[in-house]
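A quick write-up on the structure given underneath.
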Amino acid sequence: MAEAQDQQDARSADGELDAQDAQDKPIKQRKNGLYPAVSDELAAVMKSGWADTERTGLTPLPQASFAAVRRAALSARFPGERIVVPAGNLRTRSNDTEYPFRASTEYVHLTGDQTQDAVLVLEPLAGGGHEATAYLLPRSNRENGEFWLDGQGELWVGRRNSLTEAEQLLGLPCKDVRKAADTLREATGPVRVVRGHDAGVEAALADKVTAERDAELKVFLSELRLIKDAFEIGELQKACDSTARGFEDVVKVLDRAEATSERYIEGTFFLRARVEGNDVGYGSICAAGPHATTLHWVRNDGPVRSGELLLLDAGVETDSLYTADVTRTLPINGTFTPLQRKIYDAVYEAQQAGIEAVKPGAAYRDFHEASQRVLAEKLVEWGLLEGPAERVLELALQRRWTLHGTGHMLGLDVHDCAQARTETYVDCTLEPGMVLTVEPGLYFQADDLTVPEEYRGIGVRIEDDILVTEDGNRNLSAELPRQADEVEAWMAGLRG
Ligand code: GLY
Ligand code: MN
Ligand code: MN
């Protein structure tokens, strides 16, 4: 068989090919110039001699029962409608190389599963409610050579769960995803799809859906994540604990970073994220010296110098895909200069005021306003802004140096619940189970002529992940010290 030959050729290598399977998913044979052909004899040999590895008696994933509750809420919100939630597809990096796959947040939240190309469908039932089905790519076909010839064959990318195994793990019926598009195309009745993840699924539904109704679905699913359940809180705590260990790793190798670059910090944290979790939840911001004043400094290619500050904003994403989002601003040599400490203490005070404003019944905006008030007062006190602070706050003049909002919801996405409506998010009242970051900062750009020269190039942010509890809050990232003396003592202890 010549390289880049198509399904027809795969059939010719296998007289017993299941035509239906082949039609559903053509084999995309990997190119291999060194092996231009598959002889009939080889095709026959490859088919047989493999053990049955089917697993039985699997216990459901810990999140399976929580996902069922979330699906029930979705079902109740859209009675009588078919709901389609794709996991998304691989994205090409170059040629036959792909970026690491990360399933869509909506799909993960509603299934606990992370399989590429999968689709969750909630089928309305005549008597009310829905039946949920996960459409997944099953184990590779050995009869038609798919398992070793197709680029996504199990021999290349690893064993998948069989549909029966997946049913046990996810606690819901599973079917072959290669039949999903046809099933959806043929179905009648109202339907909504989560857009932006799977162009093939969207194409199959193109004449049945509207942008407005699909947007409503996305908003609902975003809002469904506003309050975290016990599983999610446990995962976010795990993410924060791993993140704390990652920060410790970084402190221990700051001398290596000084000898190389910010990349050493990025790589060190990434090692912890990959060993204890799935990945980093977002590109780590490893910002030394004046780079700390760039909010999303992810190039991380600058020098790390004694006497300057390191702003490290990084989070481990757990294997279940919940992420921490933590920032510490550290003196690279272990000791703050008096000016660094003055600025750091102001941000610490602002963060403390913000965290104290996080409690059930408070307005979401309260923590932001509490933090901004402290920072505005400091800026007036330091002579950088003309008072009174009330006027500064009214005109938001402090923002020249505070730049960003003081926090956001956190969960599967680092900026979780981003499609939620204003009234359910920024204008909401905090409720137990919400998890949000509190992350005030002060940033004096290197070229800012409105501040004394010695301020220029200093950036400080402190960020923690705060769970709203029944009677106040719990700082999930409290493992990492925040107060300046405690930061110095912690660094000294780690560096020995
Ligand atoms: N790491 C991005 C943020 O803090 O929002
Ligand atoms: Mn952050
Ligand atoms: Mn954040």
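Take the Cα of Ala363, step 7 Å toward its Cβ, do the same at Ala259, and the gap between the two points is 5.4 nm. Between Ser48 and Arg456, how high is the FRET efficiency from 1/(1 + (r/R0)^6) when r is the Cβ-Cβ distance and R₀ = 56 Å? Nearest 0.05. The computed FRET efficiency comes out at 0.20.
Among 465-475, 156-166, what's the highest-first ranking by average C-beta atoms within 10 angstrom per residue? Numbers along the way, then the final one.
Values: 465-475: 18.3, 156-166: 16.2.
In descending order of packing, they fall as 465-475, 156-166.
Could you tell me which of Met46, Gly189, Val253 has its Cα farthest along the dipole of the chain towards the positive end, charges placed at Cβ (Lys, Arg +1; Asp, Glu -1), taken about the Cα centre? In the chain, that residue is Val253.
Which of rounded, prolate, oblate describes region 277-419, given a ≥ b ≥ c as roots of the alpha-carbon gyration tensor eigenvalues and a/c under 1.5 marking rounded, otherwise prolate only if a/b is larger than b/c? Before the final figure, lay out each step's value.
Numbers: a/c = 2.11, a/b = 1.15, b/c = 1.84.
Oblate.
Let's see if you can work this out: charge +1 on each Lys and Arg Cβ, -1 on each Asp and Glu Cβ, no other charges. What is the dipole magnitude of the chain about its Cα centre, in debye to the nearest 20? Before the final figure, lay out each step's value.
On the way: 54 positive and 83 negative charges, 50 e Å.
Result for the chain is approximately 240 debye, rounded to the nearest 20.
The stretch between Leu271 and Glu98 holds 60.2 nm of extra length on full extension. This uses 0.36 nm per residue minus the Cα-Cα distance. With R₀ set to 25 Å, the beta-carbon distance separating Arg91 from Asp249 gives a calculated FRET efficiency near 0.25.
Can you give the relative contact order of the chain as a percent, counting alpha carbon pairs under 8 Å and 6+ residues apart? Each step should come with its number before you reach the end.
Working: 978 pairs, mean separation 60.7, N = 496.
Contact order relative to length: 12 percent.
Say R0 is 60 Å: what FRET efficiency, to the nearest 0.05, do Ala396 and Thr164 get from their beta-carbon distance? Provide the component values of the computation, followed by the final result.
Numbers: r = 58 Å, r/R0 = 0.97.
Approximately 0.55, to the nearest 0.05.
For the chain, the gyration tensor built on C-alpha atoms gives a prolate shape. Its axis ratio a/c (a ≥ b ≥ c) is at least 1.5, and a/b is the larger of a/b and b/c. Projecting the Cα atoms of Val219, Ala239, Val209 onto the charge dipole of region 200-263, computed from C-beta unit charges around the Cα centre, puts Ala239 farthest toward the positive end. So what's the gap between the Cα centers of region 125-156 and region 189-231, to the nearest angstrom? First find each Cα centre; the distance between them is then 22 Å.
Quick check on the chain: helices-only [θ] at 222 nm, where DSSP H runs of length 4 and up contribute -39,500 (n - 2.57) each and the sum goes over total residues. Nearest 500, please. It would help to have the intermediate numbers written out before the result.
Numbers: 19 runs with 187 residues, N = 496.
Helices in the chain give a 222 nm mean residue ellipticity of -11000 deg cm²/dmol.
Taking only C-alpha pairs under 8 Å that are 6+ residues apart, what is the relative contact order of region 392-438 in percent?
43 percent
Positive end of the dipole of the chain (Cβ unit charges, origin at the Cα centre): among Pro62, Val358, Gly405, the Cα lying farthest that way belongs to Gly405. In terms of its alpha-carbon gyration tensor, region 342-496 comes out oblate; a/c meets the 1.5 threshold, while b/c is at least as large as a/b.
Helix screen, the chain: DSSP H segments with Cα axial length of 30 Å or more and mean Kyte-Doolittle hydropathy at least -0.5 are 230-252.
Read-outs: derived from the displayed coordinates by stated rules, not from any lab. Since the structure is predicted, the reported quantities are computational estimates derived from the model, not experimental observations. With ideal geometry, Cβ positions are generated from the backbone for all residues, glycine too; neighbour counts draw on all protein chains shown.
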